[in-house]
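What follows is a set of notes on a single structure, which appears directly below.
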Amino acid sequence: MAEESRYTGSCLCGGLRYEIQGEIGDIVECHCRKCRKANGTAFATNAPIQKADFKIVQGEHLLKKFQSTATTQRCFCADCGSPIISIKAETPDVYRLRIGTLDTALTQAPTQHIFVASKAEWDTICDTLPQYAERP
Ligand SMILES: [Zn+2]
Ligand SMILES: [Zn+2]
């Protein structure tokens, strides 16, 4: 019997759909300048997943990769621009999922704020989660 997928997600236009058969790691709110630019928001909400657990089930040709640093690729839907994952050369077996693209309900909550030193000056963090200037 085939294992049931634990999570599904999609981009804004619905052209790109993925499944994750495994755990979603600690959710972080990343306030770095690059995440802000990539999302057009105060911060990005990201969580690590295993590359082996992630499968694009529709629209793989839409996944466009942007090399945002020498070692980081940001992957997004070429049609609607939804950010989906990022991939770091140092940890190629781990993808960082943009969890706002999940369609499955999540029971986990964010655990921390990272890169708070580069937070937008107009953004106020209103929760009591740990904050890190960069990474813990
Ligand atoms: Zn799309
Ligand atoms: Zn970031």
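Please treat every number below as a calculation from the coordinates, not as lab data. Just so it is clear, the structure is predicted and the values come from calculations on it, not from any experiment. Here the Cβ is made from the backbone with ideal geometry for all residues, glycine too, and neighbour counts use every protein chain on show.
Some points to look at:
- Residue that is closer than 17 Å to ARG135 by Cα and either loosely packed, with under 15 Cβ neighbours inside 10 Å or within 16 Å of ligand 1 (Cβ to nearest atom) (or both), where the choices are ARG33, ARG6, ARG17, ARG98: ARG33
- Taken over the stretch 52-75, the criterion of being more than 16 Å from ligand 1 (Cβ to nearest atom) and exposed (fewer than 14 other Cβ atoms within 10 Å of the Cβ) is satisfied by ALA52, LYS55, GLN67, THR69, ALA70, THR71.
- Test: residue in the stretch 112-125 that is closer than 21 Å to SER10 by Cα and in contact with a strand residue (DSSP E or B) (Cβ under 6 Å, 6 or more places away or on another chain): no
- Residues of the stretch 20-30 that turn out to be within 16 Å of ligand 2 (Cβ to nearest atom) and either surrounded by fewer than 16 Cβ atoms within 10 Å (Cβ to Cβ) or under 19 Å from THR91 (Cβ atoms) (or both), as a count: 5
- Within the stretch 73-100, residues that are of a type outside the set (Ser, Thr, Tyr) sit with their Cβ atoms under 7 Å from residues that are assigned to a loop (DSSP other than H, G, I, E, B) and crowded, with 23+ Cβ neighbours inside 10 Å, at 6+ positions apart or across chains, in these pairs: CYS77/CYS11; CYS77/LEU16; CYS80/CYS11; ILE84/CYS11; ILE84/LEU16.
- All positions within the stretch 76-91 that are of a type outside the set (Gly, Ala, Ser) and within 12 Å of ligand 1 (Cβ to nearest atom): PHE76, CYS77, ASP79, CYS80, PRO83, ILE84
- Among strands (runs of 3 or more DSSP E) entirely within the stretch 75-136, having at least 1 residues that are touching an Asp or Glu at 6+ places or on another chain (Cβ under 6 Å) singles out 112-114.
- If the condition is being more than 14 Å from ligand 2 (Cβ to nearest atom) and either in contact with a Gly (Cβ under 8 Å, 6 or more places away or on another chain) or under 30 Å from ARG17 (Cβ atoms) (or both), then the stretch 96-133 contributes THR101, LEU102, ASP103, THR104, ALA105, LEU106, THR107, GLN108, ALA109, THR111.
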